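Undergrad: Before we start, here is the structure in question, set down as structure tokens.
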Amino acid sequence: MSKLQIWKQRFFYGATDMAGNLIWQIVGLYLLFYYTTVMGISPAFVGTLFLVVRCIDAFDGVVYGFLIDHTHSKYGKSRPYFLWFGIPLGILTVLLFFNPSFGGNKAVQLTWIAIIYTLFSLVYSGANTPITAILPSLTSDPDERTNLASARMVMTNIGTAVIGAVSLPMVAFLGGKNAQRGWTIWAAMIGVAIMILFFGAFANLKEKPIVESANEDETIKGHLSVWESLKGAAKNKPWVLLSLSFILLQTFWVIRMQTAVYYLTYVYRRTDMIGLFNGLVIVAVIGNLSVPFLSKIMRHKYVMVVAMITFAIGEAIMPIGLLHKNLFFLFAGNIIATIAMGAAFSIAFVMIADTVEYARTELRIDEPGILSSVPMVGAKLGMGFGGFLAGWILSWGGFSAAAKIQGAKAVTAISTSFIWLPVILALGIVVILHFYTLDENKVAALKAEEEKTDLEHEEA
């Protein structure tokens, strides 16, 4: 593959997650805020909605993974899903922020919101599960997989930075005094971008067929039933531990995203800094780009451990600024935490690919779709648990959208959601990874030996 083709593949692979994260970030950063302040819906209802929908679709990523494993088309296993689900996802992006009054009938409006949010969640999984599932079939080179995962997260964070930095100004510009109209127009623009990016990925990414082992005594099992796939996944201890870690990772990140605007508005009382604060997610690119280097000097699990500890330190720095009435600590802590999260998400996707190869080389099971559903299951459970906790903690604190200044209990609730709960969960991941024993270098060596044996058989 030429250098031009390599970079083209990296760009369009990154485009898939940029597309998915345009809507993921606007939902994570602003949907709770939009529902509670623009639509006037109680945070308890929104938090409950987020949790109920997660109970409905939490494991749809596993279903999509199973479908991917059993998909056979001229376009490959994963690639067609970018087309089948990318366009509906763009349409649902608009509908999430298009909420008619229905003649003032609140019950009908809440039903509409619940239906659209549920459909969005189901379609989001269909568009995003193949992003991780396709990685092992794009290249067998572990270093290039790391580069692809880093490229993915670089483009993701560029899109995330745009959403964080310009959403509120764009809503104000497009809607004027009508915030709801501004959100609808802005969502329509994002929806079009999502459809273009997913179609570009479908048109330009190519899957490479996986070569079956030439050793008849160690035939790799594929095309498994759902039960067989789940049993095989359960035997994959590194995958189980990584799944738990990813759920915690997504949970605390969703909580942090959804309460950032509250933290800036009601704790620091600097609404003028919301765009800049959220836009600084672009520094996560530094963490993304550090992963190929870090993964050469330490095992993947230690890259994640370092990232989690660094994130916790960054989070703990931010409240210091309240004592000194200094924004330096707020932004310094945010930058440190965001860089750490850039590294964490990049290495997480590499580790998932590691567990896929581990299943093939050690367990002799080929189920990339099921195993690669980890991000989707983690994202859904994280969105559910995170949204539920954020909404109900705000309710516990007595948060009132009508109050310009919140009471002490509400401020404590916001700080707990934004700072301290994420710190606790991040350190929980460090504990879990203590038991993660997969050695990616050993897996890569076994893979190389297998490919060498296959080549020798072909030449013979």
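The values are calculated or read from the model by the stated rules, or taken from the named source; none is laboratory data. Given the structure is predicted, the values throughout are model-derived calculations rather than measurements. As a convention, Cβ positions derive from the backbone with ideal geometry for all residues, glycine included, and neighbour counts pool all protein chains shown. Just the protein is used for accessible areas: all its heavy atoms, side chains included, with ligands, DNA and RNA removed. Shrake-Rupley method; radii C 1.70, N 1.55, O 1.52, S 1.80 Å.
Undergrad: Can you tell me which residues in the range 152-189 are within 28 Å of K3 (Cα to Cα), β-branched (V, I, T) and either touching a Gly at 6+ places or on another chain (Cβ under 6 Å) or open to solvent by less than 10 Å² (accessible area, probe 1.4 Å) (or both)?
TA: Residues satisfying the conditions are T156, T160.
Undergrad: Could you please tell me which pairs satisfy a Cβ distance under 7 Å, a separation of 6+ or placement on different chains, a first residue in the range 425-445 that is under 25 Å from P292 (Cβ atoms) and modelled with pLDDT under 80, and a second residue that is of a type outside the set (S, T, N, Q) and open to solvent by less than 80 Å² (accessible area, probe 1.4 Å)?
TA: Note: pairs meeting the criteria are V443/D354; V443/E357; V443/Y358; A444/P142.
Undergrad: Among the residues in the range 15-28, are any open to solvent by 20 Å² or more (accessible area, probe 1.4 Å) and of a type in the set (D, E, K, R)?
TA: No: zero hits.
Undergrad: Got at least one residue in the range 308-317 being in contact with a Phe, Trp or Tyr (Cβ under 9 Å, 6 or more places away or on another chain) and either at positive phi or open to solvent by 30 Å² or more (accessible area, probe 1.4 Å) (or both)?
TA: Yes.
Undergrad: Next question, about the same structure. Is there a residue being within 30 Å of A403 (Cα to Cα), free of Cβ contacts under 8 Å to residues at least 24 places away in the same chain, surrounded by fewer than 20 Cβ atoms within 10 Å (Cβ to Cβ) and β-branched (V, I, T) anywhere in the range 296-307?
TA: No.
Undergrad: Restricting to the range 288-337, and then to whatever is polar (S, T, N, Q) and outside any loop (DSSP other than H, G, I, E, B), can you tell me which residue is farthest from R145 (Cα to Cα)?
TA: My answer is N334.
Undergrad: While we're here: What is the residue count in the range 158-187 for residues that are over 30 Å from I286 (Cα atoms) and either of a type outside the set (K, R) or in a helix (DSSP H, G or I) (or both)? Break it down into steps so the answer makes sense when it comes.
TA: Filtering the range 158-187 for residues over 30 Å from I286 (Cα atoms) gives 172-185.
This time we only want the ones that are either of a type outside the set (K, R) or in a helix (DSSP H, G or I) (or both), so: 172-176, 178-185.
Result for the range 158-187: 13.
Undergrad: Here's something else I'd like to know. Is it fair to say V192 is open to solvent by less than 30 Å² (accessible area, probe 1.4 Å), among the β-branched types (V, I, T), assigned to a helix (DSSP H, G or I) and at pLDDT 90 or above?
TA: no
Undergrad: Further question on the same structure: Hey, among the residues in the range 29-43 that are polar (S, T, N, Q) and part of a helix (DSSP H, G or I), which one's surrounded by the most Cβ atoms within 10 Å (Cβ to Cβ)? Explain how you work it out, then say what you get.
TA: Going through the range 29-43, the residues polar (S, T, N, Q) turn out to be 36-37, 42.
Filter once more, so that each one left must be part of a helix (DSSP H, G or I): 36-37.
On the way: T36: 22, T37: 17.
Checking each candidate, the answer is T36.
Undergrad: Residues being part of a helix (DSSP H, G or I) and open to solvent by 10 Å² or more (accessible area, probe 1.4 Å): count how many of those fall in the range 258-273. Don't jump to the end; show me each part of the working.
TA: Step one: list which residues in the range 258-273 are part of a helix (DSSP H, G or I), which gives 258-267, 271-273.
Narrowing further to those that are open to solvent by 10 Å² or more (accessible area, probe 1.4 Å): 265-267, 271-273.
Within the range 258-273, residues that are part of a helix (DSSP H, G or I) and open to solvent by 10 Å² or more (accessible area, probe 1.4 Å) number 6.
Undergrad: Would you please list the contacts, defined by Cβ atoms under 7 Å and residues six or more apart or on different chains, that run from a residue in the range 230-243 that is closer than 17 Å to L433 by Cα and open to solvent by less than 70 Å² (accessible area, probe 1.4 Å) to a residue that is at pLDDT below 75 and not in a helix (DSSP H, G or I)?
TA: N236/L363
Undergrad: How many residues are in a loop (DSSP other than H, G, I, E, B) and modelled with pLDDT of 75 or more when one looks only at the range 218-257? Lay out the reasoning, then the answer.
TA: From the range 218-257, those in a loop (DSSP other than H, G, I, E, B) are 219-220, 222-225, 236; that's our starting set.
Remaining after also requiring modelled with pLDDT of 75 or more: 236.
Residues that pass the stated criteria total 1.
Undergrad: Within the range 134-151, how many residues are open to solvent by 10 Å² or more (accessible area, probe 1.4 Å) and either under 21 Å from G90 (Cα atoms) or part of a helix (DSSP H, G or I) (or both)?
TA: First, pick out the residues of the range 134-151 that are open to solvent by 10 Å² or more (accessible area, probe 1.4 Å): 136-137, 139-145, 147, 151.
This time we only want the ones that are either under 21 Å from G90 (Cα atoms) or part of a helix (DSSP H, G or I) (or both), so: 136-137, 142-145, 147, 151.
Residues flagged as open to solvent by 10 Å² or more (accessible area, probe 1.4 Å) and either under 21 Å from G90 (Cα atoms) or part of a helix (DSSP H, G or I) (or both) within the range 134-151 amount to 8.
Undergrad: Taking the range 66-83, which residues are modelled with pLDDT of 85 or more, outside any loop (DSSP other than H, G, I, E, B) and surrounded by 19 or more Cβ atoms within 10 Å (Cβ to Cβ)?
TA: I68, R79, Y81, F82 - these are the residues of the range 66-83 that are modelled with pLDDT of 85 or more, outside any loop (DSSP other than H, G, I, E, B) and surrounded by 19 or more Cβ atoms within 10 Å (Cβ to Cβ).
Each row is one residue, and each column tells you yes or no for (1) on the phi < 0 side of the Ramachandran plot; (2) crowded, with 22+ Cβ neighbours inside 10 Å; (3) modelled with pLDDT of 85 or more.
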{"position": "M351", "(1), (2), (3)": "yes, yes, yes"}
{"position": "E367", "(1), (2), (3)": "yes, yes, no"}
{"position": "L371", "(1), (2), (3)": "yes, yes, no"}
{"position": "M376", "(1), (2), (3)": "yes, yes, no"}
{"position": "G386", "(1), (2), (3)": "yes, yes, no"}
{"position": "L389", "(1), (2), (3)": "yes, yes, no"}
{"position": "F399", "(1), (2), (3)": "yes, yes, no"}
{"position": "V411", "(1), (2), (3)": "yes, no, yes"}
{"position": "F418", "(1), (2), (3)": "yes, yes, yes"}
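Undergrad: Which pairs do you get when a residue that is without any contact (Cβ under 8 Å) to a residue 40 or more places away in the chain and open to solvent by 70 Å² or more (accessible area, probe 1.4 Å), found in the range 94-116, comes within reach of a residue that is of a type in the set (V, I, T) and assigned to a helix (DSSP H, G or I), reach meaning Cβ atoms under 6 angstrom, with the pair 6+ apart or on two chains?
TA: Short answer, once both residue conditions are applied: F102/V108.
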